[in-house]
1. Order of B:CYS138, C:CYS252 from fewest to most other C-beta atoms within 10 Å?
2. Rounded to the nearest 0.05, what FRET efficiency do B:ALA83 and A:THR106 give with R0 = 45 Å and r taken as the Cβ-Cβ distance? Could you check?
3. For Cα pairs less than 8 Å apart in space and 6+ apart in sequence, what is the mean separation divided by the residue count of chain B, i.e. the relative contact order in percent?
4. Give me C:MET398, B:MET49, C:MET1, B:MET225 sorted ascending by neighbouring Cβ count inside 10 Å, so fewest comes first.
5. Using the count of nearby Cβ atoms within 10 Å as a rough guide to exposure, how do A:CYS75, B:CYS84, A:CYS56, C:CYS120 rank from fewest to most?
6. Please report the net charge: other residues with Cβ closer than 15 Å to the Cβ of B:GLU350, K and R +1, D and E -1.
7. Name the residues whose placed amide hydrogens come within less than 5 Å of the amide hydrogen of A:CYS80, ignoring near sequence neighbours (fewer than 5 apart) on the same chain.
8. Straight-line reach from C:LYS174: which lysines have a Cα under 27 Å away, not including same-chain ones fewer than 8 places off?
Amino acid sequence: MIAGMDVIAEHDRMKDVAHPLRIAGISRPADVTFSFAGTSLSAPEGENLAAALIACGIRRLGEGQDAARPRAALCMMGVCQQCLLRVDGRLVQACLVPVRAGMVVTAT
Amino acid sequence: MFDVAVIGAGVMGCSTALFLARAGMKVVLLDRGAICREASGVNAGTLTMQMTRAALIPYALRAHEMWLRMPEWCDGGHVLATACPGLSVAFTEHEAAMLEERAHFRRQAGAPIELVTPARAREIEPGLSERVIAAGHCPIDGFTSAYLTGRAFRPALLNAGVELREDCAVQGIAPGFVLETAAGTVQAKRIVLAGGVWLQDMAAWLRVTLPIKVLINQLVVTERMAPVMRTVLGVASGLLSLKQYANGSVLIGGGWQGIGDRARGGLAVKPESFLGNVRLAAHAVPALRDARVLRAWLGLEAETADALPAIGPIPGIDDAWIIGSVHSGYTSGPYLGKLLAQAICGQAPELPLFPIDRLLAQEKAA
Amino acid sequence: MSYDIAVLGGGPAGMAAATEAAQRGARVVLLEESAAPGGQVYRAPPSGFIGPVDADRRAGDALRAALLASGAELRTGCRVWGVGGGPLVPQREPAAPFRLDALDSDGRSFAMEARALVLCCGTHERIIAFPGWTLPGVLGLAAATILLKAHGVLPGRRVVVAGAGPLLYAVAAKLLKAGAEVAAVVDLAHRTEWLRALPRLAARPDLLAQGLAWRATLVARGVRVIAGAGVTAARGDEVLQAVQVEGAWIACDALCIGHGLVPATEATRTFRAAHRYAPAEGGWVPVLDADQRCSVPLLYTAGDGAGVRGAAAAPASGRVAALAALHDLGLLPDHAAARVAPARDLARAAKAGGAMARMMALRPALVRAIPPETIVCRCEGVTRAEIEAACADGAADMNQMKQFTRCGMGPCQGRICGETAAELVGMHCGGREKAGFATGRLPLRPVPMDALLGEFDYADIPVPKPAPI
């Protein structure tokens, strides 16, 4: 377990390294703002919502005690249903919808 | 040589076999597929007096008690039976009149159904639509998870000494009750036909003509969702059954018809029925609009010419018995099997059986 | 809406099938769930995103351009949830048309009819359960490809890439190029497996060269490649922090893991078409003739959904299926001549694709190694121990196991857990053939009730005759 503790510490050091998750060399539309669980975020308009959340450092998409939680994007192709969220009140799979200005995203 | 061969391992066959074995008989229970894999495992699990035919209410009341206490008499086996109030609602004057008439007959048969105002109905079921104009309330309804039925019965059957032969289709019955199967013959002193919609074919093995109509019932289940209801809900016509399980999923039924037949089973969901059924559900509980539909499936229900059960001896053939075609049969199933077992053991059953002489006579007259 | 041919799925097979049929004068509709056709390998970036153009992008653009010019009707953002009609309508002469129910891009449900149906539903990824696989930060290899190539987003900063098949090296190379650190590539295949596959890969020098280039990138960047090994556990507080390989923990903030591809057979199962278990092609696949015909009249499947052979083989199989459909509908006088070229292309491409598919076949040892308390079905929280307890209680096939445990009853409908669960059931009941597969059920994907219902009055509901009292 000592070795395990070391790697966790290494992970924490890694967090400090600023490194944008959006890949350079791609021309993207201008950013728009939207919210996730009450936090304001920005992403290029039209970017896939599941990808945008990952790029914003948000991995956990559903909290809770039951066995089906937490959830996080797994397949990115509409199959696994693990990225199910509410967008403006409606249930959607984050990996199937684009980011739009002002969208209000919450956990289910 | 077995004392009894029960053909068909649905809830009727399992219950009959279990109580026969406990009465000391050597029982073999055969099914062409797996235990409780047809109607008994795929029905809506509704335990409600308000969809039960009036003539069956005394049986359903006793069976309701059995389902709730299943672990006590079934060696711990259970189907997550849950007691809750039941409501049958009306949206139109015509339905309100139907509700009143039906509640009257069922009350006479012993079901504690009272008519309540819409306001009272919404106290009982806060999820109920504002559009309800009348409701029947039965405090002792409930539901089960029908898919657990086979798993619930299996250990008790084995403990009782029943020889369970799954995937063992009976192909015919030769004189002396010699059952022909792909794996050889099985002989018994008595037989019980418990084959659901396939009772017609089984009766034909004994040269008995018993017409059985096949209903192809559709069911729909939603994804888990936050609590939207807490009763078993139906409409006056009986064409809706609605309940929310502890895990949050809502089961929508009511006997809307899909595509299928006796030979091939349930084949396909009929889109018109699917849409009508879910619209009726959302009309009754508007919060269902927020759900996602996860799965629809089909189950085959058997019905006799007069829509009353076929339970009793087969006329003209000693030691041959039949059980099935019980409207909302899952609700009453375990009790009816127990009754038939009593009759087969030579006791007087607690409540009368439903002998099939009437159905055969009608057939001859026709 | 009524068509000669409906094509379900707009990947390379579907695009090619629709193009071929429309070019030959049939009334064709192509239904695709994404905002643009392309499928997973040739997925188009979102509108307004312009990135570097690679070989896959060029291949996808060519298929898209041909489709747009063909006259086929293209419906994107269209989620088909219902398939029916055709052979499922008993005793109808002539055969009833197929019926498709779908949600349009605005989320409204609509229905359409077609005389023939070509299913090009592709695959989904097989991910065999392991302790910690439900941690946020763990995602599929195919998912990583989509994230990197279509969305231009890295799954993490320091990534472990694990599993089987050529995607491993594609993803690792792409991650490096995009600026991520690749902590390790963990390949279930030993080097000897790759060497054995080489002769078949030689049929496709372009793919072989690509694979060698990926490997060269990894070597140049000093990435650790652990061959003949797998990830045995993942752990982290809230999100992934490390994965275990050969007993040692490797720190990472993302794990891209995939154990092969599974043909999507929901629709053919719904039609009760005959299937066979073909592990080298990804698992259960529909039984097809040489022209991609299913056992059900006027039903065809093409692309990886018919058995995994790779994106390069998909367009040819789509064309073969479309030509057969046209012929069976009486719309193609000289079928024999027309099919020669696509059938030859298919045979050639399938050879290399088949070698890769074999490498991505399910590895039973992975399933045997799953600890009992590990969750197999994420949707319903069902563990290996619970599945095995159900088997001990008499569940002898997938349908019965599903009933006994709820495994596969959740929103993914068993697509993610199905392979692991079936292997576990098979271990108890005598193999995958005996374990079978869950009966196909509608809807094909969860459907929002709101979209189905629309606006209606009570009087619009065709309530049947009441049951007798």
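1. Working: B:CYS138 24, C:CYS252 30.
Starting with the residue having the fewest Cβ neighbours, the order is B:CYS138, C:CYS252.
2. Working: r = 35 Å, r/R0 = 0.78.
With R0 = 45 Å, the Cβ-Cβ based efficiency is 0.80.
3. 24
4. Numbers: C:MET398 24, B:MET49 30, C:MET1 13, B:MET225 19.
Ascending Cβ contact count within 10 Å gives the list C:MET1, B:MET225, C:MET398, B:MET49.
5. Working: A:CYS75 26, B:CYS84 20, A:CYS56 17, C:CYS120 34.
Starting with the residue having the fewest Cβ neighbours, the order is A:CYS56, B:CYS84, A:CYS75, C:CYS120.
6. Here the charged neighbours net out to +1.
7. Sorted by chain and number, the residues that satisfy this are A:CYS75.
8. Qualifying lysines at Cα under 27 Å: A:LYS15, C:LYS149, C:LYS351.
Coordinate-derived values only; no laboratory data. Keep in mind that what you see is a predicted model, and the values were worked out from it rather than measured. Neighbour counts run over all protein chains shown; Cβ positions are idealised from the backbone, glycine included.
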